[in-house]
Amino acid sequence: MSFTVADIEDLIRLLEEQPESCARLRRLLLSGEPPDSQEDPAALRRDTDRRLDRFAAALERSGQEFDRRIAELTARMDGTDQRFAEMTARMDRYAEERAEADRRIDQQFAESTARMDRYAEERAEADRRIDQQFAESTARMDRYAEERAEADRRIDQQFAESTARMDRYTEERAEADRRIDQQFAEIGKRVDELTVITRSHADDIGTLKGWNLEDHFRERPSAYLRSFFRRARAYTDGELVKLLDSGVERGIITEDDWEEVRLADVVVRGRRRDDGTEVFLVVEVSWGVGLYDLERAVRRAGILGRLVAPVLPVVAGRGVTADARSRCDADGVWLVLDGRVVPPNGTADSG
């Protein structure tokens, strides 16, 4: 049976718990004498020798185990010492680098402090100049305020004087306007009277001119229409009345239609130069041709067209309004303007 470390631990704990057994074992080990006992001394010695052998073997194994653990611990301690030495070296390098960094930082801080000191001096000088400029500006503003107050006083005085003058001028202007209005009212009355007289004269003159132009057209239609129509001649009153009476008798036109066409300025009969076709022209003559003349020509040509065909509406005069001129092309109306014939959508003939 082997004697282990656990057995030794148990023996030690047993001896600590029983002091008498511990004392007997100590005497036995020191004196070599057997303890007082009734047992066989030889057997007891053999048993003791066996126990001691086991104890010695256990001590030897414990010592070997202790040496092995000490060796492992020493190896680990050697590795730890190496790592500690490396760490110490790194710490030394870090301390040197840190010292160098601190030196650079101290140098930079000193330079920054110097720059800040210079900036503070420059800022103080700038503040001094700004304070001086502000004081000068304040003084100028005070002088400006005084001058402005004096100017405002003069302006108020001048404005008061101007207002008084304007009030007097307004009163004088109102009186003058009243007199002018009165005079214009009197002049307006006289102008209205002259306008009525002038308009009456103009109407009379226009009527006379229209009659004169109508007579010329009735007497010499070929002179106006020869560029487009041959053998153009005006229908006489007898011929026109006979034609209209026939239409009424046949029930083609009404009495109102008879009256409408009978009031036409001129009815012309002729032949086209291009193909020889016989045509009738209902002509409305006016010194100044307007929409009213154009509409009468279209309406009367439409009535006459029920009796004879073809019938062309014509307006003639010395001038034409813009709206009447634009309607000529749309309504298919021929225009005889100051001796020139302008067919619908065509170019004026030189006459």
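Return the residue satisfying two criteria in turn: it lies in the stretch 216-236 and is out of contact with any strand residue (DSSP E or B) (no Cβ under 8 Å at 6 or more places or on another chain) and surrounded by 13 or more Cβ atoms within 10 Å (Cβ to Cβ), and of such residues it is modelled with the lowest pLDDT. So that I can check it myself, show each step before the final result.
Restricting attention to the stretch 216-236, the residues satisfying the condition of being out of contact with any strand residue (DSSP E or B) (no Cβ under 8 Å at 6 or more places or on another chain) are 216, 220, 223, 236.
Next cut, surrounded by 13 or more Cβ atoms within 10 Å (Cβ to Cβ) only: 216, 220.
Details: HIS216: 81, ARG220: 84.
Once the filter is applied, the top-ranked residue is HIS216.
Could you grab me the full set of residues in the stretch 54-65 that are in contact (Cβ under 8 Å) with a residue 40 or more places away in the chain and open to solvent by 70 Å² or more (accessible area, probe 1.4 Å)?
LEU59, ARG61
Looking at the structure I just gave you, is VAL341 open to solvent by less than 10 Å² (accessible area, probe 1.4 Å), more than 28 Å from TRP258 (Cβ to Cβ) and in contact (Cβ under 8 Å) with a residue 40 or more places away in the chain? Explain how you work it out, then say what you get.
Details: open to solvent by less than 10 Å² (accessible area, probe 1.4 Å): yes; more than 28 Å from TRP258 (Cβ to Cβ): yes; in contact (Cβ under 8 Å) with a residue 40 or more places away in the chain: yes.
Considered against the rule, which asks whether it is open to solvent by less than 10 Å² (accessible area, probe 1.4 Å), more than 28 Å from TRP258 (Cβ to Cβ) and in contact (Cβ under 8 Å) with a residue 40 or more places away in the chain, VAL341 comes out as yes.
What's the number of the condition ALA297 fails, among (1) over 20 Å from VAL333 (Cβ atoms); (2) touching a strand residue (DSSP E or B) at 6+ places or on another chain (Cβ under 6 Å)?
Against the list (1) over 20 Å from VAL333 (Cβ atoms); (2) touching a strand residue (DSSP E or B) at 6+ places or on another chain (Cβ under 6 Å), ALA297 comes up short only on (1).
For the stretch 237-268, which residues satisfy the criterion of being farther than 19 Å from ALA316 by Cα, assigned to a loop (DSSP other than H, G, I, E, B) and open to solvent by 40 Å² or more (accessible area, probe 1.4 Å)?
Step one: list which residues in the stretch 237-268 are farther than 19 Å from ALA316 by Cα, which gives 237-259.
Filter again for assigned to a loop (DSSP other than H, G, I, E, B), leaving 250-254.
Within the stretch 237-268, ARG250, GLY251, ILE252, THR254 meet the criteria.
This table checks each residue for (1) among the β-branched types (Val, Ile, Thr); (2) open to solvent by 80 Å² or more (accessible area, probe 1.4 Å); (3) on the phi > 0 side of the Ramachandran plot.
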| residue | (1), (2), (3) |
| --- | --- |
| ASP67 | no, yes, no |
| THR74 | yes, no, no |
| GLN82 | no, yes, no |
| ARG90 | no, yes, no |
| GLU125 | no, no, no |
| ARG129 | no, yes, no |
| TYR144 | no, yes, no |
| GLU147 | no, yes, no |
| ILE155 | yes, yes, no |
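Being open to solvent by less than 40 Å² (accessible area, probe 1.4 Å), within 60 Å of the chain's Cα centre (by Cα) and among the acidic types (Asp, Glu) is the requirement here; does ASP293 meet it? If you could, list the steps in order and put the result at the bottom.
Details: open to solvent by less than 40 Å² (accessible area, probe 1.4 Å): yes; within 60 Å of the chain's Cα centre (by Cα): yes; among the acidic types (Asp, Glu): yes.
Here the answer is yes, as ASP293 does meet what is asked.
The values are calculated or read from the model by the stated rules, or taken from the named source; none is laboratory data. All values reported here derive from a predicted model rather than from experimental measurement. Glycine gets a Cβ as well: all are built from the backbone with ideal geometry, and neighbour counts include every protein chain shown. In case anyone asks, the SASA skips ligands and DNA or RNA and just uses the protein heavy atoms, side chains included. Shrake-Rupley method; radii C 1.70, N 1.55, O 1.52, S 1.80 Å.
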